[in-house]
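**Q** Next up is a structure, given as structure tokens.
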Amino acid sequence: MNRTKRFFILMMLLTISLSLFAFTAEEARREYDKVMLAWIDGSRNDFQILSDLGNLESDIAAITDSAERQYWTARVNLAIGQIRFYREEEKLSLDALEKSREEARLAAEGGAGADAWRIQADAGSFIMIQKGVGYIIANSGKVQDQAEKALEMDNSNVRASLIVAQGLINAPAIFGGNKRKGFAEMEALTRKPGLDPEDRFFILMGMGEIYENEKEEDKALAFYRKILDDYPENRLVAKKLTGLANR
């Protein structure tokens, strides 16, 4: 057997070996959904969930398609950043969110689709909350553009719709804000049938937080309680209810 034949046989064996051990995007989706549901339903605590997400990110590194790998890395780091945000771990949250945004940008450039644009916007939103007014003024337009780009590509992306609606509520009228329209759009999202558990959770949480910021505590409580109706063991919402009760 000459060298050329041996080389091609070795390359074929290497390709087969890599395919046997590769992690797929479908496996990433399945594991991600399982981990996030465990966070939402309270069956695992934050430390366990963060460990699970870290392990999942390691597995995702074996996805062979670069855009899919970047997309799932972005999505996992967005979840890590959100959980750490709610734990008030600002630096760790920002580190994960910045990584999420960059990986989502690369995924979008590689053709990963609408949700890569949504993740950029979602990560940017949580970064803005933590960096304050000056950063919000400088970056809110970009975040809205990213969410709108996601909706242009896929008008059924409810998380992108949520970001756009929140922007209408939070922005001053001079910069295109429209609270009435924003609240109407968010309310419509809460009534949308067949929502993914993660999407429904963040929509209801977003409604509760918006009303809490608007000092309409009864309305905030109503939306937080909707989450507890679905997931009575959710620790984050239980903590929010305790905080509102003690005001």
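Coordinate-derived values only; no laboratory data. Small disclaimer: the values here were computed from a predicted structure and weren't measured. All Cβ positions, glycine included, derive from the backbone under ideal geometry; neighbour counts span all protein chains shown.
**Q** So for the chain, averaging the separation of alpha carbon pairs under 8 Å that are six or more residues apart and normalising by length, what relative contact order in percent results?
**A** 13 percent
**Q** Next question, about the same structure. Given +1 on the Cβ of Lys and Arg, -1 on the Cβ of Asp and Glu, and no further charges, what dipole in debye does the range 23-141 carry about its Cα centre, rounded to the nearest 20?
**A** 280 debye
**Q** May I pose another question? Counting Lys +1, Arg +1, Asp -1, Glu -1, what net charge surrounds T242 among other residues with beta carbon under 14 Å of its beta carbon?
**A** It works out to a net charge of +3.
**Q** In addition: In whole Å, how far is the Cα centre of the range 220-234 from that of the range 34-85?
**A** Using only Cα atoms to place each centre, the spacing works out to 23 Å.
**Q** Pairs K142/K181; K142/K226; K219/K239; K34/K142; K181/K219: which exceed 27 Å Cα-Cα?
**A** Checking Cα-Cα distances, K142/K226; K34/K142 exceed 27 Å.
**Q** Relative to the Cα centre, what is the charge dipole magnitude of the chain, using +1 at the beta carbon of each Lys and Arg, -1 at the beta carbon of each Asp and Glu, and rounding to the nearest 20 debye? It would help to have the intermediate numbers written out before the result.
**A** Values: 34 positive and 39 negative charges, 53 e Å.
That gives the chain a dipole magnitude of about 260 debye.
**Q** What Rg and what Dmax come out for the range 23-141 when only alpha-carbon atoms are used, in angstroms?
**A** Rg and Dmax of the range 23-141, Cα atoms, are 14.0, 41 Å.
**Q** Okay, next question. Debye sum, Cα scatterers, the range 156-247, no solvent: what log₁₀ I/I(0) at q = 0.15 1/Å?
**A** For the range 156-247 at q = 0.15 Å⁻¹, log10 I(q)/I(0) is -0.57.
**Q** Looking at the chain, I'd like the Rg to Rh ratio, where Rg is from alpha-carbon atoms and Rh is Kirkwood's inverse mean 1/r.
**A** Using only Cα positions, Rg/Rh for the chain is 1.05.
**Q** Find out how many positive minus negative residues lie around S43, taking Lys and Arg as positive, Asp and Glu as negative, among other residues whose Cβ is under 14 Å from that of S43.
**A** -3
**Q** While we're on this one: With loop defined by DSSP as not H, G, I, E or B, and exposure as at most 15 other Cβ atoms within 10 Å, which is the longest segment of the chain clear of exposed GluC sites (Glu not before Pro)?
**A** Numbers: sites that count: E88, E214, E216, E233.
Counting at most 15 other Cβ atoms within 10 Å as exposed, the longest clean stretch of the chain is 89-213.
**Q** Hey, another quick one. For the charge dipole of the chain, defined by +1 on Lys and Arg C-beta atoms and -1 on Asp and Glu C-beta atoms about the Cα centroid, which residue among I210, G110, T73 has the Cα displaced farthest towards the positive pole?
**A** My answer, from the dipole projection, is G110.
**Q** Sticking with this structure for a sec: Expected output is a single nm value to one decimal: the length gained when fully extending between L195 and D145, i.e. 0.36 nm times separation in residues minus the C-alpha distance. What is it?
**A** 15.6 nm
**Q** Sum up the charges of everything whose Cβ sits under 12 Å from the Cβ of E26, counting Lys and Arg as +1 and Asp and Glu as -1, but leave E26 out.
**A** Local net charge: -3.
**Q** Run the helix sum for the chain: -39,500 (n - 2.57) per DSSP H stretch of 4+ residues, divided by residue count, reported at 222 nm to the nearest 500 deg cm²/dmol.
**A** That comes out to -26500 deg cm²/dmol.
**Q** For the chain, modelled as a GNM with alpha-carbon contacts under 10 angstrom, which of F23, F175, F183 fluctuates the most?
**A** Of F23, F175, F183, the most mobile in the Gaussian network model is F175.
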